[in-house]
């Protein structure tokens, strides 16, 4: 079947993988986004047609079209459109520009602006035994349950060398915008968070040759950082400020600065896993 629907936070996104090549290539990715196959839809938003080396991506709702040669660029733009529509239209959840991983029943949320090393750090977490939720957008509902857009991890061209030692294989999609790295390449798996609880916030900052620091943040500083990454605040009462500050005050919060994976202590993964299992 070529028709799919993704539902997140009351937002419905309809997808048509028009060509056989698009179905074969993007089908597993759409399935990983917990989409549902359907026989028909009223309005198709995203259409992918063509074949490897000659893809066409159309977003009818946003008057958007891209001709794409590289598989990684198709995945980047395709999943970016899904993230855009959810973040732009969700009105009952908090959409945070953040990565998220899980260990046992605890979730670590990693909010950061683009370029801070969020996705690169996520590859390290997955390679060190955490389950993958997302590297781009998390959704926090009124019951503090966490959902995410579980696309392949997007690693820019200048970052692929850093994660190469973590890869168990090289079956990732190359692109100019980003390389799309499935978590299977890191020995990991995508999980649907379900009833997992929020265990901690980690705010990363990559600075080459900076060394390592991992420190507790004040609620004021963490709250400011979180709100700076709150992407649908305009859709919420008081821009979601009171709810997010309440969450920050009751959740462990840390800043992380590092200049490369070699700076991370040998027991750092265990420290983070301990945050997930503390009650």
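List of remarks:
- Pairwise FRET efficiency - residue 189 versus residue 66, Cβ, R0 = 30 Å, nearest 0.05: 0.50
- In the chain, the longest principal axis of the Cα atoms and the axis of helix 118-127 are about 80 degrees apart.
- Of the beta bridges in the stretch 3-89, as assigned by DSSP with both residues counted there, near 85 percent are antiparallel.
- Rounded if a/c under 1.5, otherwise prolate or oblate - the chain, Cα gyration tensor axes: oblate
- Between the stretch 1-65 and the stretch 197-262, the alpha-carbon center distance in angstrom: 33 Å
- Rounded tilt (10° steps) of 219-228 against the dominant C-alpha axis of the chain: 10 degrees
- Judged by the ratio a/c of the largest to the smallest principal axis of the C-alpha gyration tensor, the stretch 152-279 counts as prolate, that ratio being 1.5 or greater while a/b is larger than b/c.
- Efficiency of FRET from Cβ geometry, residue 105 and residue 212, R₀ 25 Å, rounded to 0.05: 0.35
- Over the chain, dividing the summed -39,500 (n - 2.57) contributions of all DSSP H runs of at least 4 residues by the number of residues returns a 222 nm mean residue ellipticity of -8000 deg cm²/dmol.
- Highest-fluctuation residue, 243, 222, 180 considered, GNM on the chain with Cα pairs under 10 Å: 243
- Beta bridges from DSSP with both residues in the stretch 94-277: antiparallel share about 70 percent, rounded to the nearest 5.
- The stretch 94-277 - percent relative contact order, Cα under 8 Å, separation 6 or more: 28 percent
- Gyration tensor (alpha-carbon) shape descriptor, the stretch 189-235, a/c threshold 1.5: oblate
- Full-extension gain in nm, residue 241 to residue 54, via 0.36 nm per residue minus C-alpha separation: 62.9 nm
- Simple spin-label estimate for residue 270 and residue 142 in nanometres, 7 Å along Cα-Cβ: 4.3 nm
- Using the Cβ-Cβ distance between residue 167 and residue 42 with R0 set to 45 Å, the FRET efficiency works out to roughly 0.60.
Every read-out reported here was derived from the displayed coordinates using simple, explicitly stated rules and does not represent laboratory data. Being a predicted model, the structure only gives us computed values, none of them experimental. Glycine gets a Cβ as well: all are built from the backbone with ideal geometry, and neighbour counts include every protein chain shown.
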